[in-house]
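What follows is a short report on a single structure.
The values are calculated or read from the model by the stated rules, or taken from the named source; none is laboratory data. Computed from a prediction, not measured in an experiment: that's the story for all the values here. Glycine gets a Cβ as well: all are built from the backbone with ideal geometry, and neighbour counts include every protein chain shown. When the accessible area is computed, the model is the full protein with side chains, heavy atoms only, and any ligands, DNA or RNA have been set aside. Shrake-Rupley method; radii C 1.70, N 1.55, O 1.52, S 1.80 Å.
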Amino acid sequence: SGAASIIGGKFTAGQIRQEVALAVSALTSKGLRPPGLAVVLVGERKDSATYVRNKKLACEEAGIVSFGTDLPDTATQQQVIDAVKAFADDPNVDGILVQLPLPDGMDERAVLSAVPIEKDVDGFDPLNLGMLATRGTEPLFVPCTAAGCLELLQRYDVPIRGKVAAVVGRSNIVGTPTAMLLQNAGATVTVVHSQTPDAKAVCANADIVVAACGVPEMVRGDWIKPGAAVIDVGINAKDDPTKKRGYRLVGDVAFDEAKEVAGAITPVPGGVGPMTIAMLLKNTLDARMRSS
Ligand code: NDP
């Protein structure tokens, strides 16, 4: 018991960030322009501000130039779109990211559609998602969290082809693209969502479980097939009076139970979370390499 090996997202993300940094310095040492990433942040959400700060720091560390526009939550939708468009026209910007969620009342789709597809490093453009779902075509960018999940499975030598996978969650940004990536890699995939009659049975049949439902510790130990690989995307705050800040982070998987059954499992924190930023840097580098 307690046999699961840990899939170290922090370590792997560090490797990827180093690979990106090397590729960037190969560019700049030839006198070429470094990649640029622009982040548009609207409003004062603390979590969003933290994510944006972390993304900018990661960029700088990798030699990627970061640009940003911060708008108050009183900004109009047109002002947000104009901020995106300014970066769309900026030849030093290879990738544009609109930090979600946008303030209530703003049309996310309308704002995101101002990001040109060749700068859509988040991979949220319906055309990118459509190409991911179309056999024989490749998207320009894959959404970072989904790409991070696959990268972890691959770098930890978890077999995918011919295996059975369950993805819990069907959001556009995590569950659905992850399911498509797994299917493209040769897995037989079932997507579990809030209308699924027996989520436990679906998961218990799977060699690979990806949990991205946003329900703290929903996937229990007895949902896991012995030896399965478990990728926990969830990031949830759980009250914990023993911690100074009063809470701790837990995933969408009950880690202590699942690790007794699984063959390999990602921790929270230190699993998928760091991979998301690493894949964003990778997407930004890819965008730069494609531009002339
Ligand atoms: P969403 O809320 O957009 O989607 C959640 C999905 O889970 C929905 O498809 C929903 O079903 C499904 N779901 C909700 N409750 C249940 C349930 N009881 N049983 C089965 N399915 C359920 O979340 P996101 O996809 O944006 O994020 C998922 C999780 O991943 C969150 O914990 C989030 O914090 C985390 N996250 C982590 C990131 C990282 O970098 N590690 C990045 C992004 C997110 P339905 O469609 O029917 O409503």
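State the percentage of accessible surface on the range 31-119 attributable to carbon and sulfur atoms; use a 1.4 Å probe and exclude ligands, DNA and RNA.
About 51 percent, which is the carbon plus sulfur part of the accessible surface.
About the Cα centre, and with charges only on the beta carbon of Lys, Arg (+1) and Asp, Glu (-1), how big is the dipole of the range 145-272? Nearest 20 debye, please.
On the way: 13 positive and 13 negative charges, 46 e Å.
Here the range 145-272 has a charge dipole of around 220 debye.
Using only the alpha carbons of the range 77-227, determine the length spanned along each of the three principal axes and report them from longest to shortest in whole angstroms.
52, 34, 24
Kindly give the semi-axes, whole Å and largest first, of the ellipsoid equivalent to the range 145-272, taking each as the square root of 5 times a Cα gyration tensor eigenvalue.
23, 15, 14
Need one number: % antiparallel among DSSP beta bridges in the chain, to the nearest 5. Walk me through the intermediate numbers first.
On the way: 4 of 33 bridges.
That works out to approximately 10 percent antiparallel.
Find the accessible area per residue for the range 145-272; the probe is 1.4 Å, ligands and nucleic acids are left out, and the unit is Å².
That works out to 46 Å² for each residue.
Cross-link list LYS10/LYS56; LYS163/LYS225; LYS10/LYS244: which exceed 21 angstrom alpha carbon to alpha carbon?
Check vs 21 Å cut-off fails for LYS10/LYS244.
Considering every pair of different Cα atoms, what Kirkwood radius, in Å, is found for the range 50-140?
Values: mean 1/r = 0.0699 Å⁻¹.
Evaluated on the range 50-140, it is 14.3 Å.
Let me check the size of the range 232-292 from its C-alpha atoms; what are the radius of gyration and Dmax in Å?
Rg then Dmax for the range 232-292, in Å: 16.4, 54.
Could you size up the charge dipole of the chain around its Cα centre, putting +1 on the beta carbon of Lys and Arg and -1 on that of Asp and Glu, and report it in debye to the nearest 20?
That gives a dipole near 580 debye.
Taking GluC sites (Glu not before Pro) as exposed when DSSP calls them loop (any state but H, G, I, E, B) and at most 15 other Cβ atoms lie within 10 Å, what is the longest stretch of the chain free of them, the sites themselves excluded? Please report the intermediate quantities before stating the final value.
Working: sites that count: GLU44, GLU260.
The reported range is 45-259.
Give the Kirkwood hydrodynamic radius (Å, one decimal) of the chain, defined as one over the mean of 1/r across all pairs of different Cα atoms.
Evaluated on the chain, it is 19.7 Å.
Taking the Cα centre of the chain as the origin and placing charges on Cβ (Lys, Arg +1; Asp, Glu -1), which of ALA21, GLY43, MET289 is farthest toward the positive end of the dipole?
ALA21
Given the options VAL52, LEU112, THR74, identify the residue whose Cα lies farthest towards the positive end of the charge dipole of the range 31-119 (+1 on Cβ of Lys, Arg; -1 on Cβ of Asp, Glu).
Toward the positive end, the furthest listed residue is VAL52.
When only C-alpha pairs under 8 Å and at least 6 residues apart count, what is the relative contact order of the chain, in percent?
It rounds to 23 percent for the chain.
Gain in length, GLU44 to ILE117, computed as 0.36 nm per residue apart minus the alpha-carbon separation, to one decimal in nm?
Values: separation 73, 0.36 × 73 = 26.28 nm, distance 2.73 nm.
Extra length available between GLU44 and ILE117 comes to 23.6 nm.
Describe numerically, in nm with one decimal, the distance between label points set 7 Å from Cα along Cα→Cβ at ARG33 and at ASP70.
The two pseudo-label positions are separated by 2.6 nm.
Quick one: go through the range 210-224 and flag any residue whose amide nitrogen is under 20 Å from the point 7 Å out along the Cα-to-Cβ line of ASP239.
Within reach of a label on ASP239, which here means backbone N under 20 Å from a point 7 Å along Cα→Cβ, the range 210-224 contributes 215-218.
Only helical DSSP H runs with n ≥ 4 go in: add -39500 (n - 2.57) per run for the chain, normalise by residue count and round the 222 nm mean residue ellipticity to 500 deg cm²/dmol. Walk me through the intermediate numbers first.
On the way: 10 runs with 113 residues, N = 292.
Mean residue ellipticity at 222 nm (helix-derived): -12000 deg cm²/dmol.
Treating only the Cβ atoms of Lys and Arg (+1) and Asp and Glu (-1) as charged, compute the dipole magnitude of the range 31-119 about its Cα centre; round to the nearest 20 debye.
200 debye
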